[in-house]
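A.B. asks: Structure below; questions to follow.
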Amino acid sequence: LVFSRWSNKLFQTYHQQNRDQEAALRASEVKLATILDSVEAYIYIKGPDYRYQYANRRVRELFGKPMEDIVGCEDTVFFDGPTAAILRANDARVIDRGERVAAEEVNTSADGKVTSAYLSVKIPLRDRDGRIYALCGISTDITEQKRTERELARHRLELESLVDARTR
């Protein structure tokens, strides 16, 4: 009888601890999702099969799709062929070689209507044994910055030609 009560109490305590841990984990996941959805960067996770496992609010807005329509898809669904090939090559450096990649990526949508420039940082996500199970990417839209740089370069050339014309 004593053993039965003791084992029942142990069983209840064990399961209560599991419920508490699961609740804490869910709360932590909600906090993290809130943070990731609040930033202006495009944050995503891709598995070793190069398919999306997670996309924050900005990525979902860019693709115009809810999470469930993004998860499981490859870049070919959202970008044109040349863009998808470049993204795959950069992703492979992370997933296959474990490199941290920081690169400027110019992406064109699958329909060819929108081209944007991004500064992307991609890192491998590793399990406890050091094996890579995914990549995490953080991309910042630098399209306006690139336009401004081109315009400044154009103005600089115009000014240089005016100065050259005046000094002849």
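A.B. asks: Are any residues in segment 148-168 closer than 29 Å to residue 115 by Cβ and open to solvent by 100 Å² or more (accessible area, probe 1.4 Å), and if so, which ones?
C.D. replies: 150, 152, 154, 156, 157, 159
A.B. asks: Check whether at least one residue in segment 93-106 is part of a helix (DSSP H, G or I), modelled with pLDDT of 95 or more, surrounded by 12 or more Cβ atoms within 10 Å (Cβ to Cβ) and under 13 Å from the mean Cα position of the chain (by Cα), and report yes or no.
C.D. replies: Yes, segment 93-106 has at least one match.
A.B. asks: Please find, among 47, 81, 98, the residue that is in contact with a Leu (Cβ under 9 Å, 6 or more places away or on another chain) and not aliphatic (A, V, I, L, M).
C.D. replies: 47
A.B. asks: Turning to a different aspect of this structure: Just need a number here: residues in segment 110-147 that are open to solvent by 70 Å² or more (accessible area, probe 1.4 Å), under 17 Å from residue 64 (Cβ atoms) and not in a strand (DSSP E or B).
C.D. replies: 3
A.B. asks: Taking segment 45-90, which residues are touching a residue at least 60 places away in the same chain (Cβ under 8 Å) and under 13 Å from the mean Cα position of the chain (by Cα)?
C.D. replies: 45, 46, 47, 53
A.B. asks: With respect to residue 59, is the statement that it is open to solvent by less than 50 Å² (accessible area, probe 1.4 Å) and either farther than 28 Å from residue 145 by Cα or assigned to a strand (DSSP E or B) (or both) true?
C.D. replies: no
A.B. asks: Among (1) within 22 Å of residue 111 (Cβ to Cβ); (2) exposed (fewer than 15 other Cβ atoms within 10 Å of the Cβ), there is one condition residue 40 misses while meeting the rest; what is its number?
C.D. replies: In the conditions (1) within 22 Å of residue 111 (Cβ to Cβ); (2) exposed (fewer than 15 other Cβ atoms within 10 Å of the Cβ), residue 40 misses (1) alone.
A.B. asks: (1) outside any loop (DSSP other than H, G, I, E, B); (2) open to solvent by less than 80 Å² (accessible area, probe 1.4 Å): which one isn't true of residue 48, the others all being true?
C.D. replies: (1) is the only condition that residue 48 fails.
The values are calculated or read from the model by the stated rules, or taken from the named source; none is laboratory data. None of the values given here were measured: they were computed from a predicted structure. Ideal geometry is used to build each Cβ from the backbone, glycine not excepted, and the neighbour counts take in all protein chains shown. Only protein heavy atoms, including side chains, enter the accessible area calculation; ligands, DNA and RNA are left aside. Shrake-Rupley method; radii C 1.70, N 1.55, O 1.52, S 1.80 Å.
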